[in-house]
Amino acid sequence: MILSSLFFYLFSAVAIGAAVMVVGSRNPVHSVLFLILAFFNAAGLFVLLGAEFLAMILVVVYVGAVAVLFLFVVMMLDVDFTELREGFLDYLPIGGMIGVILLVELLAVLAGWVFAPEVAATLPEPTPAIETTSNTAAIGAVLYTRYIYFFQVAGLILLVAMIGAIVLTLRHKANVKRQSIADQVARTPATAIEVRDVESGQGI
């Protein structure tokens with residue numbers, strides 16, 4: 001019990017510190033690296049809770065795909081850090097307002113747990129119960145039945161994000177010839193072949 005508590009506080013402290021550095025780091029590449037660290041510690045917390053499937057999904061999907069994609073996009077965009085720092089103070093009022101709102105919401109949740117502990121008893125039980133089946137089967141049964149529409153919407157959001165990353169990083173250089181499939185398909189013998197009548201003795 002003491003060992004699990006120590007691991008919980010360790011993972012939680014590192015995850016919170018990494019999350020703060022994600023927002024506070026001036027270099028976007030460093031922010032992505034701290035984001036990977038936060039994902040790993042969140043996966044450790046899932047393991048302590050007995051949700052090993054969620055821990056593996058967090059590591060494989062988010063660390064192995066999404067965070068690496070963010071890293072490549074940040075490096076390919078060639079962000080001008082000086083220009084970003086110039087307009088940082090303009091977003092400070094909005095960021096402060098959002099931070100105050102989140103703080104009030106967190107305090108309200110904590111106050112509810114302290115002053116009204118009976119609220120926890122009204123929370124719905126997971127279906128199917130974890131005791132009767134494996135962790136993976138329980139998540140799949142709930143995800144693909146009750147929350148199937150939310151799952152599809154999340155997939156569409158990720159698709160839009162992927163298309164946006166491709167559009168932002170796709171750059172056309174002026175002196176580089178590119179293949180045009182439409183022009184190749186639309187070619188005819190009249191436009192593809194040019195026949196010249198060269199007289200004898202006047203060729204190249």
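The values are calculated or read from the model by the stated rules, or taken from the named source; none is laboratory data. All figures in this text were calculated on a predicted structure; none of them were measured in a lab. Don't worry about glycine lacking a Cβ; one is built from the backbone with ideal geometry, like all the others, and counts go over all protein chains shown. Side chains are part of the model used for accessible areas, which takes the heavy atoms of the whole protein and leaves out ligands, DNA and RNA. Shrake-Rupley method; radii C 1.70, N 1.55, O 1.52, S 1.80 Å.
Data overview
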item	result
Cα-projected label distance for Val14 with Ile166, points at 7 Å along beta-carbon direction, nm	3.6
Backbone HN-Hα couplings from phi across the stretch 25-37 [Karplus 6.51/-1.76/1.60, Hz, Gly and Pro as x]	6, 7, 8, x, 5, 5, 4, 5, 5, 5, 5, 4, 4
Hz values of 3J(HN,Hα) by residue in the stretch 46-56 - Karplus curve (6.51, -1.76, 1.60), Gly and Pro given as x	5, 5, 5, 7, x, 9, 5, 5, 5, 5, 5
Whole-Hz ³J(HN,Hα) from phi, Karplus 6.51 cos²θ - 1.76 cosθ + 1.60, for the stretch 153-165, glycine and proline x	5, 4, x, 5, 5, 5, 5, 4, 5, 5, 5, x, 5
Accessible area in the full protein assembly, largest first, 1.4 Å probe, for Phe72, Phe150	Phe150, Phe72
